[in-house]
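Visitor: Sending over a structure as structure tokens; questions will come in a sec.
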Amino acid sequence: MAAADYRSRPTEVYASVPEACGSMIAPRSVPSVIDVEYRVPCCPIDPFEFIETLTRALYGSNATQSTRTMCGDCKRNETGCFYGEGTMCLGLVTLAGCGARCVNLGRPCNGCRGISPDANLESARESVERYGVSVEAFDKALEMFNQTNPHR
Ligand code: SF4
Ligand code: SF4
């Protein structure tokens with residue numbers, strides 16, 4: 001779902017809003033507009049994952065693609081959880097595959113791989129609230145990489 005105030009964003013960038021911004025439409029994810037067979041998630045993408053996806057597209061593959069969320073990978077890295085400090089982390093609902101890269105570097109996940117199809121958003125919101133983090137802020141943070149959020 002696009003941020004509710006997206007139409008006011010150009011005024012934050014331009015002193016004089018270009019005419020083209022007058023016909024702005026809400027941003028949408030590419031798969032919500034056209035059929036997409038392959039995608040390389042993450043921002044920026046991982047070069048190895050790009051090669052793997054390209055190989056899959058060119059030669060096919062019967063390797064399963066995981067849809068799990070990131071917390072399991074994070075725990076295997078034996079790092080602490082940000083929620084213990086009352087800090088929001090989107091790894092709770094984010095598609096695993098990066099090895100919890102940001103958490104390993106000491107910063108919370110901001111969900112650049114997108115929401116996992118296995119994510120339980122209702123349960124995640126309950127956990128977020130239990131740890132004293134604003135559910136509204138959590139939903140807002142999800143808008144960064146999930147312009148079309150089917151769970152909301
Ligand atoms: S919420 Fe974030 S820090 Fe906590 S376990 Fe999940 S990925 Fe790791
Ligand atoms: S930890 Fe989160 S924000 Fe960082 S690369 Fe992985 S999915 Fe993206």
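The values are calculated or read from the model by the stated rules, or taken from the named source; none is laboratory data. For clarity, every value in this text was computed on a predicted model and none was experimentally measured. So basically every Cβ, Gly included, is an ideal-geometry build from the backbone, and we count neighbours across all protein chains shown.
Visitor: Restricting to the range 106-137, name every residue that is within 11 Å of the chain's Cα centre (by Cα) and of a type in the set (Ser, Thr, Tyr). Explain how you work it out, then say what you get.
Guide: First, pick out the residues of the range 106-137 that are within 11 Å of the chain's Cα centre (by Cα): 109-116.
Residue satisfying the conditions is Ser116 alone.
Visitor: Take the conditions surrounded by 13 or more Cβ atoms within 10 Å (Cβ to Cβ), at pLDDT 95 or above and within 16 Å of ligand 1 (Cβ to nearest atom) and apply them to Cys102. Does it pass? Explain how you work it out, then say what you get.
Guide: On the way: surrounded by 13 or more Cβ atoms within 10 Å (Cβ to Cβ): yes; at pLDDT 95 or above: yes; within 16 Å of ligand 1 (Cβ to nearest atom): yes.
Yes: the conditions hold for Cys102.
Each row is one residue, and each column tells you yes or no for (1) part of a loop (DSSP other than H, G, I, E, B); (2) of a type in the set (S, T, N, Q); (3) within 14 Å of ligand 2 (Cβ to nearest atom).
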{"site": "Thr79", "(1), (2), (3)": "yes, yes, yes"}
{"site": "Gly84", "(1), (2), (3)": "no, no, no"}
{"site": "Met88", "(1), (2), (3)": "yes, no, yes"}
{"site": "Cys109", "(1), (2), (3)": "yes, no, yes"}
{"site": "Cys112", "(1), (2), (3)": "yes, no, yes"}
{"site": "Arg125", "(1), (2), (3)": "no, no, no"}
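Visitor: Restricting attention to the range 1-50, report how many residues are part of a loop (DSSP other than H, G, I, E, B), closer than 19 Å to Gly114 by Cβ and either touching a Phe, Trp or Tyr at 6+ places or on another chain (Cβ under 6 Å) or among the charged types (D, E, K, R) (or both). Spell out how you get there, then give the answer.
Guide: Narrowing the range 1-50 to residues part of a loop (DSSP other than H, G, I, E, B): 1-5, 9, 14-18, 24-29, 33-46.
From the residues that got through so far, the ones that are closer than 19 Å to Gly114 by Cβ too are 1-3, 26-29, 33-46.
When the remaining residues are screened for being either touching a Phe, Trp or Tyr at 6+ places or on another chain (Cβ under 6 Å) or among the charged types (D, E, K, R) (or both), the result is 28, 35, 37, 39-40, 46.
Qualifying residue count, the range 1-50: 6.
Visitor: Of the numbered conditions (1) small (Gly, Ala, Ser); (2) surrounded by 11 or more Cβ atoms within 10 Å (Cβ to Cβ); (3) in contact with a Phe, Trp or Tyr (Cβ under 9 Å, 6 or more places away or on another chain), Ser61 fails exactly one; give the number of that condition.
Guide: The number of the failed condition is (3).
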